[in-house]
């Protein structure tokens, strides 16, 4: 929920208690808040709620799709599957742990820090040692080229 929404609702509640109609409350908010004012339908909705006796400015509980929480055991299980088989697919993992492909993708990339490279899951970032090894290899290749540019260009 946006904090600005709560502020808008508090103002609507105040103006409702003050005795203004929904239209008057909207006009007052539009005059003061300009482009940041809520829509007229939103003011009318919340004004009606407060007129009916609602006290809270926060949303009530909603039914619908359950929220997903990442459990460390799930993340660890997925990490174990990838360790055992670096070529395992996201779809295969999703079927095994009964989670969506999008959720598996999120866990692999954001929580395990892996990416797919040539059909294998590998760490997303290089360690300090790996970066230094790459740097040294690159330097030695440049040195080799600089020592004899003509010879370095042969097949």
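The values are calculated or read from the model by the stated rules, or taken from the named source; none is laboratory data. Because the structure is predicted, anything quoted here is derived from the model rather than measured. When we count neighbours, we look across all protein chains shown, and the Cβ atoms used for this are built from the backbone with ideal geometry, even at glycine.
Structural remarks
- Checked against the criterion of being within 30 Å of residue 6 (Cβ to Cβ) and loosely packed, with under 13 Cβ neighbours inside 10 Å, segment 86-97 has no qualifying residue.
- Evaluated against (1) at pLDDT 90 or above; (2) over 13 Å from residue 112 (Cα atoms), residue 61 falls short on exactly one condition, (1).
- Complete set of residues in segment 43-62 that are under 27 Å from the mean Cα position of the chain (by Cα) and surrounded by 16 or more Cβ atoms within 10 Å (Cβ to Cβ): 57
- Among the helices (runs of 4 or more DSSP H) confined to segment 34-102, the ones with at least 3 residues that are farther than 16 Å from residue 10 by Cα and free of Cβ contacts under 8 Å to residues at least 60 places away in the same chain are located at 72-84, 90-97.
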